Structures are given as structure tokens and as C-alpha cells.
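The values are calculated or read from the model by the stated rules, or taken from the named source; none is laboratory data. All values reported here derive from a predicted model rather than from experimental measurement. No Cβ is skipped: glycine too gets one built from the backbone with ideal geometry, and neighbour counts run over all protein chains shown.
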Amino acid sequence: MKVVIQRVNKASVSVEDKIKSSIEIGLLILVGIEESDNNEDINWLTKKIVQLRIFNDSDGVMNLSVKDINGEILAISQFTLHAKTKKGNRPSYQQAAKPEISIPLYEQFVKQLSADLGKEVKTGKFGAHMKVNLENDGPVTIIIDTKNKA
């Protein structure tokens, strides 16, 4: 499982030109799922995300987590995070999980992330063409891959 985490002042996702979800201060997370991902990846990653200290404390030091600041999370599925570009100029997405695998894992990821955060995590629409708007704060962007835990 691979995620791109962006610290945001606000973010929203639209489907068919209608806003599906929006958040204020918190995290926008792009989520890519591959065939070998499982519940162990989800549990490790969701705990890491809610404890990641990337928000400023009163001294301006990144020392607080999204949970500490009572922030929100918007999680968007994005299979293109698993693009392979080594050969040619057209990305290959073979490593990305098929919907029958990725949909249940994505839903479990959102459910576990909501439990770890202590409130609902907002989402886009799995498999839909979405437009994501955000105001990145910093900018702060973190990439985490569960295949590189060490």
C-alpha cells in the first residue's frame, strides 16, 4: 500500500462536477493498493498516519499529529501511485490491485483510519473520475510505502 500525504488548510473532491467531500485543516491522502496488500499493511499504515507529527506546535515546530490538532482526513483512491515507468513512455499499472481486491481493502483502510482518528474520514468515489482541489500547507508532502517499513 502506498500513500501520498499532504498537509492541507482545506481540500475537496468532486465527482461529475458536484462536491462529494470536503475538509478543513488536516490531511489529504492519495491511496494506492497493490495485489499483495493486506490487513497488516492497513493496520500499520493507519496508525502511522494518525500519529505522524507534521503539524506545527506553538513554537512553529512540526510536533503535532492530525489527531492532536483534531484535524480532518480526506482519503482518495488512486491506482496510478503504482505506475511503473521503467520501460517506454506509457506507464504500466499492472502492480495496482484489481477492483475485486482493492475495493474491500480501500474500504477497510478508511474504516480503520476513521477508528484510529476517532472520527469519520471523508472519501471520494472509488473508480470515478474525480477532481481534487487542495490548499497545501507548507507545502508538506510525505510518501509512505508499506513495503518499505524499515
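Remarks
- Extreme residue, nearest to residue 42 (Cα to Cα), among residues of the range 84-102 that are without any contact (Cβ under 8 Å) to a residue 12 or more places away in the chain and assigned to a loop (DSSP other than H, G, I, E, B): 94
- Residue check for residue 134: over 12 Å from residue 77 (Cα atoms) and touching a helix residue (DSSP H, G or I) at 6+ places or on another chain (Cβ under 8 Å): no
- Residue 66 fulfils the conditions (1) assigned to a loop (DSSP other than H, G, I, E, B); (2) surrounded by fewer than 19 Cβ atoms within 10 Å (Cβ to Cβ); (3) modelled with pLDDT of 95 or more except for a single criterion, (2).
- Pairs are defined by a Cβ separation below 7 Å, a sequence spacing of at least 6 or placement on different chains, a first member in the range 109-129 that is farther than 16 Å from residue 99 by Cα, and a second member that is surrounded by 15 or more Cβ atoms within 10 Å (Cβ to Cβ) and of a type in the set (Asp, Glu); the pairs so defined are 122/72.
- Residue 37 being surrounded by 20 or more Cβ atoms within 10 Å (Cβ to Cβ), of a type in the set (D, E, K, R) and either touching a residue at least 12 places away in the same chain (Cβ under 8 Å) or over 27 Å from residue 100 (Cα atoms) (or both): yes
- Selection from the range 103-150 of residues that are modelled with pLDDT of 95 or more, among the polar types (S, T, N, Q) and either assigned to a helix (DSSP H, G or I) or on the phi > 0 side of the Ramachandran plot (or both): 108, 112, 114, 146
- Scanning the range 44-77 for residues that are within 27 Å of residue 96 (Cα to Cα) and of a type in the set (S, T, N, Q) gives 46, 51, 77.
- Residue 18 being under 16 Å from residue 123 (Cα atoms) and either basic (Lys, Arg) or buried (at least 19 other Cβ atoms within 10 Å of the Cβ) (or both): yes
- Candidates in the range 23-61 are the residues that are among the small types (Gly, Ala, Ser) and more than 14 Å from the chain's Cα centre (by Cα); of these, the one that is nearest to residue 114 (Cα to Cα) is 36.
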